[in-house]
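Where a number appears in this text, it was derived from the coordinates with a stated rule and is not lab data. Since we're looking at a predicted model, the values are computed, not measured. Note: ideal-geometry Cβ built from the backbone for every residue, glycine included; neighbour counts use all protein chains shown.
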């Protein structure tokens, strides 16, 4: 324990190492937070659930905190639902017989200086034989009334206002999410339309024809910002992937590093203790392994068998067993083997395994620590590399998969920098954090490096 | 890590009056030994690839399907058989295909078949692609690959050579100014190499292509391809800037850091002190007493950089749409073109082994222990 504290104090002499430790601790806290607040099943559901989970999120939205810098030009989403009350309200009057009006008025305040990204209206009708009908109007703050059309309402009708071609034509070629909000004074050829702020209303004049038949509506005016990290091309909240990517990246990097370092270490110890043909065999396998194309082999495994991240982890460890570290550790073990205490252990009849595992390995175990810490980022990036090649885990949301989505959808080309920068930033943080600490550890454990 | 163990070894100083035939024999012997060892390595690597690829029976299925297709085309295209009814034609195709499968020994046990695949792969008899084709329109995997090699070679050779020399000279420079501000900056920057080259590539693309629009998004030359050679070269250079910069950013600091440490260890050797005492200029000391004995480990580490770069190129080329071997592998994965994937892995294994072998020859020429047959103890 005392040794540990002393060692830790020595580590804090390196300012960069302190920064690295802070980063690592931060990432671990983030990983714990992700696992605790968002259980595994929930995370997978949020990432792969389908339209009903992310249908209300804007597509390719920037993170919400961007508005701090851009001011009021990026609107948030506005959602109005006649079933949930709020500012939306219903009116119903008897007309004749079983026919009743079912009007829905959805007023909302629009304050942004930018246009929304999309407008969708979801209509839900309940009927047995005769479906309800609805006629929609758009009322602007300056009192204009723009008809949006009429429709018969089935059980679940989606009325995508922003891709309505006829409405676009009626609005003089402006796409509806612009035309419906534009200040008429600014609408002119070759002028940049500006939205009119104030109270808008979507009025649905509905008619039901049967006893018990109802009409409900939900209006989604999609904004341009969402959540902590924005959304991707499928409207998914990127925060989920960034959060859950942390424990996955850390676990993958850590397990791969521990697995390959420990096996390498054990193999080197066994080889150098027994010597002879076993040692020679281990040496030759190491040399062959050094020239094996690791990444292509992983790609083959990913393409032909499984993309499951834990299976890939197994292959990574297997390929790392006979890494070049064997040669390094062997050189150290050869020195340890000649030490008097080993000779003494041999003399009183300690078994081979006892000598290897209890006397030789603990002696140089500390040198494992730096190499093990510096290996972690390598594996974190390996996972990201595979994901970028499209060989990421099919179920789990990871940083690499977000990067891959961004890459395949041309995020950089379309100027959606946040989509690339967020996972990249986290990857970089993880990589640098561990690398910096590993470098400091290396200097502490290899005094030869400290001198120069 | 490799450099470290090497640094621990004692380097025998060259003896005076080397007998030339003896030296040559030793070098040849060493190169032969390494050649055989590396060939065995290549065979094992390729065999492993074959095993992995065929475990699910993919290669067999593909070969059989190809045979059926060929036989089918042959039978249906034969004018003398046109009059036969369809069922008889099909029976005929089945019969000939069965004979062909037998002839190619596809009905043999897996071990024997795997040996067949191994010899095919080793002789670069890589079969035909399922979907991809070379620019000249050929479906031969070998031709598709051969067409891509120059692109990869241009990129990695440029980056590696630039890296190698910059790192060595910067390290020599820093080892003279050990402890200076610049030296400390380089040490502080060394961990940045934990981030792979393709990752820097994304940032470079963001800055220079997306924001400033000064350099191209990717690819190797402009479209339409410039006709005159100088224009072609200029266009190629313009496209090479970002990928090469990404590769250099990735390994320059760790390279300088390693060499600097290495040179510092060597410059504290007794014979360097001795040379200083003799009053030799620092240039001569550097060249003759520091650089000369460190060359073999430099070459070794260069071999390992090459290994990583061949593999790292896969994603770098993908990010920059560079039409090399790596991007081909990415394309083949995304459309599941199995023969191309296997052929590509085999090629990468070959490239690795060849580059290591070439460097081994250089090593043999540089290492005095090989040259004079000095002591061979670990």
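Relative contact order of region A:376-436, taken over Cα pairs closer than 8 Å and 6 or more residues apart, is 38 percent. Residues of region B:319-338 with an amide N closer than 19 Å to a point placed 7 Å from the Cα of residue A:233 along the Cα-to-Cβ direction: B:319-322, B:330-336.
So, R0 is 22 Å and r is the distance between the beta-carbons of residue B:108 and residue B:73; what FRET efficiency does that work out to, to 0.05?
Calculated transfer efficiency: 0.30.
Helix A:294-304 and the long axis of chain A differ in direction by around 50°, with both axes built from C-alpha atoms. Extent along the principal axes, Cα only, for region A:1-78: 58, 36, 15 Å, with the longest axis given first. For the peptides A:90-96, A:298-304, A:256-262, the ranking by packing is A:298-304, A:256-262, A:90-96, with the highest mean count of neighbouring Cβ atoms within 10 Å listed first.
Rounded to the nearest 10 degrees, the angle from helix A:368-388 to the longest Cα principal axis of chain A is 40 degrees. Remark: mean inter-chain Cβ contacts per residue of A:160-166 equal 0, using a 10 Å Cβ-Cβ cutoff to other protein chain atoms. Ranked by the mean number of other Cβ atoms within 10 Å per residue, highest first, peptides A:63-76, A:120-133 order as A:120-133, A:63-76. Helix A:417-445 and the longest principal axis of the Cα set of chain A meet at an angle near 20°. Please compute the modelled spin-label separation between residue B:154 and residue B:139, points set 7 Å along Cα→Cβ, answer in nm with one decimal. So the label points at residue B:139 and residue B:154 sit 2.9 nm apart.
Using the average count of surrounding beta-carbon atoms within 10 Å as a protection proxy, the listed peptides A:155-164, A:267-276, B:72-81, A:334-343 rank, highest first, as A:267-276, A:155-164, A:334-343, B:72-81.
In the protein assembly as shown, the calculated helix contribution to ellipticity at 222 nm averages -19500 deg cm²/dmol per residue, counting -39,500 (n - 2.57) for every DSSP H run with n ≥ 4. Percent of C-alpha pairs per 5 Å bin in region A:91-196, short distances first: 2, 10, 19, 22, 17, 11, 9, 6, 3, 1, 0. Classify region B:227-290 as rounded, prolate or oblate from the Cα gyration tensor: take a ≥ b ≥ c as the square roots of its eigenvalues, call it rounded if a/c is under 1.5, otherwise prolate when a/b beats b/c and oblate if not. The shape class here is oblate.
Mean projected area of the Cα convex hull of region B:187-343, taken over all directions, amounts to 13.6 nm².
Here the label points at residue B:94 and residue A:158, each 7 Å from Cα along the C-beta direction, are separated by 4.8 nm in the simple model. Take every pair of alpha-carbon atoms less than 8 Å apart whose residues are at least six positions apart; their mean separation over the length of chain B yields a relative contact order of 28 percent. With coordinates expressed along the principal axes, the C-alpha atoms belonging to region A:241-323 extend over 50, 25, 16 Å, beginning with the largest.
Expressed as a whole percent, the proportion of Cα-Cα pairs in region B:283-334 lying more than 15 Å apart is 60%.
An oblate overall shape is assigned to region A:382-440, the ratio a/c of its alpha-carbon gyration tensor axes (a ≥ b ≥ c) being 1.5 or greater and a/b not exceeding b/c.
Given 20 °C and 1.002 mPa s, how large is the Stokes-Einstein diffusion coefficient of region A:1-137 in µm²/s, with Rh as the Kirkwood radius over Cα pairs?
Values: Rh = 21.3 Å.
Value of D from the Cα-based Kirkwood radius: 100 µm²/s.
Per-residue mean of foreign Cβ neighbours for B:38-45 is 4 (Cβ atoms of other chains, 10 Å radius). Highest mobility in the GNM of chain B, judged by mean-square fluctuation with C-alpha springs under 10 Å and restricted to B:194, B:134, B:228, is found for B:228. Full extension of the chain between residue B:366 and residue B:270 gives 32.4 nm of extra length, using 0.36 nm per residue less the Cα-Cα distance. Our analysis of chain A gives Rg over Rh at 1.18, with the two radii drawn from alpha carbon positions and Rh computed by the Kirkwood formula. What FRET efficiency do you get for residue A:87 and residue A:53 if R0 is 30 Å and r is their Cβ-Cβ distance, rounded to the nearest 0.05? Working from the Cβ atoms, E equals 0.75.
Place a point 7 Å from Cα of residue A:262 in the direction of its Cβ. Which residues in region A:329-373 have their backbone N less than 15 Å from it? Of the residues in region A:329-373, A:357-358, A:361-362, A:365-366, A:368-369, A:372-373 have backbone N under 15 Å from the label point off residue A:262.
Legend: Rg and Dmax of the protein assembly as shown, from Cα coordinates, 33.7, 121 Å.
Taking a ≥ b ≥ c as the square roots of the eigenvalues of the Cα gyration tensor, region A:114-156 is oblate, since a/c reaches 1.5 or more and a/b is not larger than b/c. Using the Cα coordinates of chain B, the gyration tensor eigenvalues translate into equivalent-ellipsoid semi-axes of 50, 29, 16 Å, sorted from longest to shortest.
Each residue, residue A:188 and residue A:142, gets one label point 7 Å from its Cα in the Cβ direction; the gap between the two is 1.3 nm. If R0 is 60 Å, the Cβ-Cβ spacing of residue A:352 and residue A:45 corresponds to a FRET efficiency of close to 0.70. Taken over the alpha carbons of region A:219-378 as equal point scatterers, the Debye sum produces base-10 log I(q)/I(0) values at 0.14, 0.17 Å⁻¹ of -0.82, -1.04. In percent, rounded to a whole number, the relative contact order of region A:1-142 is 15, using alpha-carbon pairs under 8 Å and six or more apart.
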